[in-house]
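Each remark here refers to the structure printed beneath this line.
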Amino acid sequence: MVVRRLLPALVLVLIAGKTWGMPVTVTGNQRVAEGTVLANIRGADGPTITSSQLDRIVKDLHATGLFSDISVDVRGGRLYVNVQENPTVNRVYFDGNKRVSEEDIAAARLRLSPREVFTRTKAKEDAERIVELYRRRGMFNARVTPQVIRRDQNRVDVIFAIDEGERAFIRRIRFAGNERFSDSELRSELMSRRKAWWRFLSSVDTFDPQRFAFDQELLRRFYFSKGYADFQIRSAVAQLINGSDFVLTITVSEGPRYRFGDIRVVSPIPEITEEQILKVLRFRTGDWFNGNSLEDSLSAISDYVADRGYAFVNAVPEIKTNPETRRADIVLTLTQGPRFFINRINITGNVRTKDNVIRREITIAEGDGFSSSKIRRSRQRIENLDFFSRVSVTTEPNTGMPDRVDLNVDIEEKSTGSISFALAFSTLDGASFETGIRENNVLGTGLGMGISGRLGSRRSEVDFSITQPYFMGRPVLAGLDLFYITRNLQSQSSYNLDTVGFTTRLGWRYNENLRHRVSYTLRQEDVTDVKDTASIYVKARAGRSTVSMVSQMLTYDTRDSMIMPSSGVQSTIGTDLAGLGGDRRFVRFDWRGVHYYPVTDGITLSTMLGAGYMFGFGGREVDLGDRYYIGGHDVRGFAYYGIGTRDKLTRDGLGGNWMGLGSVQATFPIGLPKESGVRGQVFSDWGIIGKPDGFDAATMYYSNRPRGSVGVGLSWMSPMGAIGFDFAWAVNKEPYDVTEVFRLGFGGRF
């Protein structure tokens with residue numbers, strides 16, 4: 001009964017903020033509740049209070065970050081606390097930033113934002129974060145000063161006044177201790193670059209400590225891939241000169257080059273034998289030591305044992321080098337690691353890109369068993385999106401569950417849109433003006449969209465394309481292309497060709513190397529401006545026709561690079577069926593394969609074979625515009641339409657119903673830095689073409705002899721794309737073939 005009577009009084013006392021001690025009066029607070037102030041007061045629980053206790057009260061209240069000024073006083077047995085609240089942030093402005101956007105600054109995770117409590121400590125920390133952002137972009141002279149403008153209702157506007165200063169460029173990159181590779185070869189392996197006038201659109205020539213650290217890792221990978229298993233970086237120094245420029249000096253110890261020696265596998269798992277693991281490896285005894293092959297083998301082993309129910313087995317390599325024999329023996333020990341599971345997958349750093357666009361590229365899910373190979377593959381897939389300048393994937397133990405780890409994916413976004421203008425010339429299409437705009441990550445959804453146009457003397461076109469890489473939430477690529485093309489073929493076959501239509505496409509991957517695409521194309525073609533002197537076969541084709549075509553293409557690709565491959569295979573098999581409506585009826589089969597061989601450092605040999613066959617059905621012959629025409633880019637030394645059946649009277653090209661192609665090419669450096677993208681090449685191209693439907697020996701030239709050429713050239717990966725300069729001479733030809741010695745082309749060779 002007594003307790004029930006005292007309970008209301010106890011509650012009132014607790015709400016008042018004292019426990020049978022000195023009463024407290026709070027003044028000056030406007031936004032902060034009195035209870036919040038009382039909850040942070042300690043030391044007023046007795047009838048008296050000391051000066052040290054008053055100091056402690058002031059410190060505790062300051063620690064909350066809510067108040068800019070606090071005064072305490074004791075009068076008449078009562079504690080008086082007067083506070084002056086810190087203002088709230090009304091708006092945050094950035095002034096003086098020209099080279100770094102406000103979006104990039106906001107992505108630096110500043111503490112001050114609208115409606116947050118303002119403190120000078122927070123403002124100073126945010127200024128330091130902005131300075132660090134500038135330092136990472138090579139602007140080491142940047143200064144940031146926070147300024148405050150007071151508004152009514154105890155609010156403030158915060159202005160970060162930014163003086164960007166001069167950019168800190170890299171003037172020199174030099175190496176010491178390197179004997180096997182020259183300075184220029186090693187520089188080409190780094191991300192950092194020396195200052196040059198043509199890099200005005202890039203930031204790789206500004207000093208970034210994080211990039212410099214990554215450069216050292218790239219250097220290790222390079223030497224390991226070349227067989228230098230004992231390679232070490234003795235020192236890496238960034239020296240600031242002239243107050244704004246850097247000289248980077250890397251001292252290395254190369255050691256000897258090794259070959260793989262004896263390979264042993266230690267497996268405590270009876271079901272996993274040494275013989276099984278040896279078959280999985282990507283290297284063999286006697287091969288040059290290659291760190292990439294070793295790393296790929298570790299991933300392959302993890303996948304192999306995981307498929308057999310051992311998800312937590314890791315292969316730990318031990319490398320035993322012998323400088324005398326130049327052999328590196330490898331001992332691979334399979335270890336049963338602790339069983340870990342993925343608790344949460346956290347994605348940070350994405351401001352524009354939606355979480356699901358990143359998450360769908362991650363091959364491991366929450367609740368799955370930990371797999372280092374799947375995590376590596378996930379990082380590669382995210383990087384392949386080409387939406388981000390940096391991708392970091394790390395794991396973090398979960399404190400609450402010892403068998404769980406969190407997967408942290410931290411990314412840094414980059415621009416995914418582009419606008420282009422170009423003046424171009426090629427021997428095939430003549431002079432042209434090209435422009436286009438494209439966005440590969442529309443509204444952060446991963447959707448790709450673009451429109452481009454070309455106005456030229458021999459070819460003009462307008463294209464619109466849209467691509468959804470995950471159609472209806474599934475890993476199926478869907479796309480639509482709309483096009484209008486006009487071509488001047490007067491010099492080849494005495495007519496012009498206008499084409500308008502669309503293509504819808506679906507594509508998917510069976511695995512990392514094998515992908516498939518199916519498409520439907522509907523186009524209308526109009527043969528116009530046929531010369532009076534044109535072939536009777538060309539005149540018969542004048543007018544409009546419609547093509548309704550279903551196609552498929554299966555591609556197998558193991559190339560190490562899509563831009564400048566040095567090893568691997570690319571093979572495509574395509575089929576076209578026209579006749580589901582429209583005026584044309586034909587079936588076409590095509591195959592083309594390219595194999596790249598690394599001969600020596602920097603020299604790549606490539607071989608290409610191709611074949612195609614088509615036939616008409618339903619009483620229709622293969623149309624003039626659907627036939628095969630070879631020459632130009634596929635058999636250099638001959639003009640486009642230069643090989644094959646020709647009208648004896650007009651010399652117009654009439655094409656053929658089948659063809660075969662072959663090429664051998666060696667690509668090599670010509671002494672310029674690798675980053676220039678310029679390489680030399682020697683080649684030999686060959687081709688053969690069959691007769692067209694309706695062949696008439698009385699009016700047509702034809703020979704089934706293979707045509708061939710030899711030549712030299714230069715290829716340049718320019719900012720506008722690949723450009724090729726080729727000089728080729730026909731060594732096997734017919735008198736009526738059309739040849740050309742020089743060819744300037746845009747786009748890839750294969």
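The values are calculated or read from the model by the stated rules, or taken from the named source; none is laboratory data. Since the model is a prediction, treat every value here as computed from it, not as a measurement. Virtual Cβ from ideal backbone geometry, glycine too; neighbours counted across all protein chains shown. Heads up: the accessible areas ignore ligands, DNA and RNA and are worked out on the full protein's heavy atoms, side chains in. Shrake-Rupley method; radii C 1.70, N 1.55, O 1.52, S 1.80 Å.
For this structure, a couple of remarks:
- Between amide H atoms placed 1.01 Å from N, distances below 5 Å from residue 408 occur with 346, 394, 395, 396, all of them 5 or more places distant or on a separate chain.
- Under-5 Å amide H pairs with residue 341, H placed in peptide plane, nonlocal only: 370, 404, 405
- Pairs with C-alpha atoms separated by more than 23 Å, drawn from the list 124/195; 374/414; 226/320, are 124/195; 374/414.
- In percent, rounded to a whole number, the relative contact order of the range 515-652 is 18, using alpha-carbon pairs under 8 Å and six or more apart.
- Among (i) 62; (ii) 45; (iii) 68, the entry that matches percent of Cα pairs over 36 Å apart as calculated here: (i)
- Nitroxide proxy distance, nm - points 7 Å out along Cα→Cβ at residue 381 and residue 360: 1.1 nm
- FRET efficiency, 1/(1 + (r/R0)^6) with R0 51 Å, evaluated for residue 412 and residue 39 via beta carbons: 0.80
- Legend: calculated FRET efficiency, residue 455 to residue 101, from the Cβ-Cβ distance at R0 = 25 Å, rounded to 0.05, equals 0.15.
- Part-to-part distance (alpha-carbon centres) for the range 43-114 and the range 565-639, which is given in Å: 73 Å
- Between 0 and 90°, nearest 10: helix 51-63 axis offset from the chain longest Cα axis: 20 degrees
- Per-residue ³J(HN,Hα) for the range 274-281, Karplus 6.51 cos²θ - 1.76 cosθ + 1.60, θ = phi - 60°, Hz, x for Gly and Pro: 4, 4, 5, 5, 4, 6, 7, 4
- Rounded percent of accessible protein surface that carbon and sulfur make up, the chain, 1.4 Å probe: 54 percent
- Per residue, the chain reaches -5000 deg cm²/dmol at 222 nm when only DSSP H runs of four or more residues are counted, each adding -39500 (n - 2.57).
- Local electrostatic count, residue 324, Cβ distance below 14 Å [Lys/Arg +1, Asp/Glu -1]: +3
- Computed over the range 179-288: relative contact order in percent, which uses C-alpha pairs under 8 Å that are six or more apart: 19 percent
- From phi via Karplus (6.51, -1.76, 1.60), per-residue ³J(HN,Hα) for the range 577-589 in Hz, x at Gly/Pro: 10, 10, x, 7, x, x, 9, 9, 9, 7, 10, 10, 10
- Under the Karplus curve 6.51 cos²θ - 1.76 cosθ + 1.60, θ = phi - 60°, whole-Hz ³J(HN,Hα) for the range 82-87, x wherever Gly or Pro sits: 10, 10, 10, 6, 5, x
- Charge tally in the Cβ shell below 14 Å around residue 90, where Lys, Arg are +1 and Asp, Glu are -1, residue 90 excluded: +3
- Here the spin labels are modelled as points 7 Å beyond Cα on the Cα-Cβ line, and at residue 484 and residue 508 they lie 3.6 nm apart.
- Environment charge of residue 736, counting only residues whose C-beta is closer than 13 Å and scoring Lys/Arg +1, Asp/Glu -1: +2
- Mean separation of Cα contacts under 8 Å, 6 or more apart, over the residue count of the range 661-720: relative contact order %: 39 percent
- Amide H contacts of residue 566 (H built 1.01 Å from N, in plane; Pro and chain starts excluded): 560, 561 sit under 5 Å, all sequence-distant by 5 or more or on other chains.
- Relative to the longest principal axis of the Cα atoms of the chain, the long axis of helix 209-225 makes an angle of roughly 50 degrees.
- Positive dipole terminus of the chain, leading residue within 394, 76, 578 (C-beta point charges): 76
- Extension gain for residue 701 to residue 237 (0.36 nm times residue separation, less C-alpha to C-alpha distance): 160.0 nm.
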